[in-house]
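Below is one structure, written out as structure tokens, with a few remarks after it.
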Amino acid sequence: MEKRLRQKFVLVAMLSVAAALALILVVINVVNYQSVCRMADDRIEAIIQNGGSFPGVSSADGGQADQEEMSDASVVILKELSATYIDRSFDLDKRAADIMDKEAPYDTRYFTVTVDDDGAIVGVDVNHVAATTAQDACTYALQVSVSGAKHGFYGAYRYRVVDADEGSLCVFVNCSRELSNFEAFLGASAAIGVGAWLLVLVLVVIFSRIAVRPIVESYRKQQRFITDASHEIKTPLAVIAAANDVMEIEAGESEWTQSIAAQVTRLKSLTERLVFLARMDEDATQFEKTDLDLSELTEYASEPFCAVAESRGKKLVRDLESGLHVQGDISALSQVVELLLDNATRYASDGGEIELALKKRSRGGVTLQVSNAVDAMPEGDLKRLFDRFYRADTSRNSQTGGSGVGLSVAQAIVEAHGGSIRAQALDAHTICFTVTLP
């Protein structure tokens with residue numbers, strides 16, 4: 001039990017950490033990628049606004065800056081150094097931004113291609129890029145024009161297509177360095193994220209024992225109490241049953257002695273089921289699994305409930321496919337059938353039918369279904385029906401005789417056999433319990 005609890009604790013904790021790390025890494029890298037795209041788009045916009053080249057740079061001279069303009073800029077900076085501290089700080093920042101803009105032409109590799117309305121190349125400028133020839137530039141532009149896209153990436157180039165006087169202007173900016181940095185950052189962040197997750201995993205595994213220890217101790221005390229109390233109850237019940245038998249011998253059977261006998265039987269059944277569940281939780285119950293004919297077992301176990309259902313004003317209808325075999329414990333699986341039918345005969349609508357079906361699954365295994373009409377469908381999640389001591393009848397009417405433990409026992413047995421059990425509403429007034437066994 002402690003092992004399962006620790007495994008669930010570690011699983012939930014690590015899934016939460018993984019989700020948080022994944023979200024952080026995705027957000028950081030998406031923002032980083034958008035920054036790369038935005039920077040390239042800003043440079044493309046500057047080139048488009050200047051007719052195909054950076055402002056202040058001539059495509060004919062290969063990108064040589066105006067030295068006189070640079071000298072004037074230096075004079076302006078020297079003059080502004082004599083201003084007040086606040087003004088000087090502001091102006092220097094502005095001048096630094098201007099200098100960075102002036103550096104952009106020398107830092108940016110780009111080329112432009114002009115395509116007319118007929119799809120023919122009418123102009124190519126590859127003076128600002130060394131890795132791409134004019135023929136390659138024409139090929140890129142034609143492929144982009146054919147695709148119909150107005151912006152995006154073509155390999156390592158960020159491109160944009162705009163309308164021009166002669167047709168369309170295609171501007172390509174080389175982003176290989178930025179993309180390389182983005183990929184390096186993506187790989188590094190992913191590696192760091194995985195490393196952090198593994199580190200947290202080690203720490204969670206180490207400290208999980210400490211985290212679950214109070215819960216485990218409390219649960220063990222609860223299980224010990226149930227087991228001890230169940231054994232202690234058996235002795236008084238035996239004494240009451242013996243005294244009741246003596247009263248019946250001496251004074252004859254009466255409704256009082258019958259009631260005492262019924263309540264003793266009910267308490268005995270409850271204590272046995274509680275002990276069984278406690279042992280199942282502690283993995284102390286071992287089933288002797290053999291190859292058995294589930295069809296015969298179900299028919300034999302359900303036979304007495306035909307009379308039980310009739311005595312309670314209901315009808316049991318059986319549809320059992322023959323020759324179905326499973327690996328399981330005979331008495332345990334018989335108990336599952338009995339518990340489901342007992343539950344159905346108690347809570348089915350008066351005069352209604354209880355359907356018991358056993359079928360072979362197309363994907364292998366078998367399904368056992370018990371369905372019946374109910375006056376009112378239980379509210380909320382039907383999984384609660386398998387909780388211990390849970391009863392849909394909140395008033396806990398003793399007329400049904402149920403204790404809310406039977407379905408818990410059935411679930412424990414089915415899961416111990418590697419199967420599953422679930423409750424579902426077929427319609428507003430029909431509930432169905434389905435057992436699946438491999």
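The values are calculated or read from the model by the stated rules, or taken from the named source; none is laboratory data. Computed from a prediction, not measured in an experiment: that's the story for all the values here. Quick reminder, even Gly has a Cβ in these numbers, built from the backbone with ideal geometry, and neighbours come from all protein chains shown. These area figures cover heavy atoms from the full protein model, side chains too; ligands, DNA and RNA do not enter into them. Shrake-Rupley method; radii C 1.70, N 1.55, O 1.52, S 1.80 Å.
For the stretch 193-201, backbone phi angles converted through the Karplus equation (6.51, -1.76, 1.60; θ = phi - 60°) give residue-by-residue couplings of x, 5, x, 5, 5, 5, 5, 5, 4 Hz, Gly and Pro being listed as x. Extension gain for Arg279 to Asp163 (0.36 nm times residue separation, less C-alpha to C-alpha distance): 33.8 nm. Applying the Karplus relation 6.51 cos²θ - 1.76 cosθ + 1.60 with θ = phi - 60° to the stretch 269-275 yields 3J(HN,Hα) values of 5, 5, 5, 5, 5, 5, 5 Hz, where x marks Gly and Pro. For the stretch 152-199, the solvent-accessible area of protein heavy atoms averages 53 Å² per residue (probe radius 1.4 Å; ligands and nucleic acids excluded). Remark: the Ala229-Ala241 segment gains 2.5 nm on full extension, using 0.36 nm per residue and subtracting the alpha carbon distance. In order along the stretch 291-296, the Karplus-derived 3J(HN,Hα) couplings, from 6.51 cos²θ - 1.76 cosθ + 1.60 at θ = phi - 60°, round to 6, 9, 7, 5, 5, 5 Hz, and Gly and Pro are given as x.
Taken along its principal axes, the alpha carbon cloud of the stretch 98-206 reaches lengths of 70, 36, 23 Å, longest axis first. Excluding Asp329 itself, what net charge comes from residues whose Cβ is under 11 Å from its Cβ, given Lys and Arg +1 and Asp and Glu -1? It works out to a net charge of 0.
Over the alpha-carbon set of the stretch 277-350, divide Rg by the Kirkwood Rh and report the Rg/Rh ratio to two decimals.
Working: Rg = 14.4 Å, Rh = 13.7 Å.
Here the Rg-to-Rh quotient is 1.05.
Ligands, DNA and RNA left out, the 1.4 Å accessible surface of the stretch 201-268 is 64% carbon and sulfur atoms.
Close amide H partners of Asp329, meaning residues 5 or more places away or on another chain with modelled amide H under 5 Å apart, are Thr290. The order of the peptides 44-50, 15-21 by mean Cβ neighbours within 10 Å, most packed first, is 44-50, 15-21. Report note on the peptides 325-334, 312-321: ranked by the mean count of other C-beta atoms within 10 Å, highest first, their order is 325-334, 312-321.
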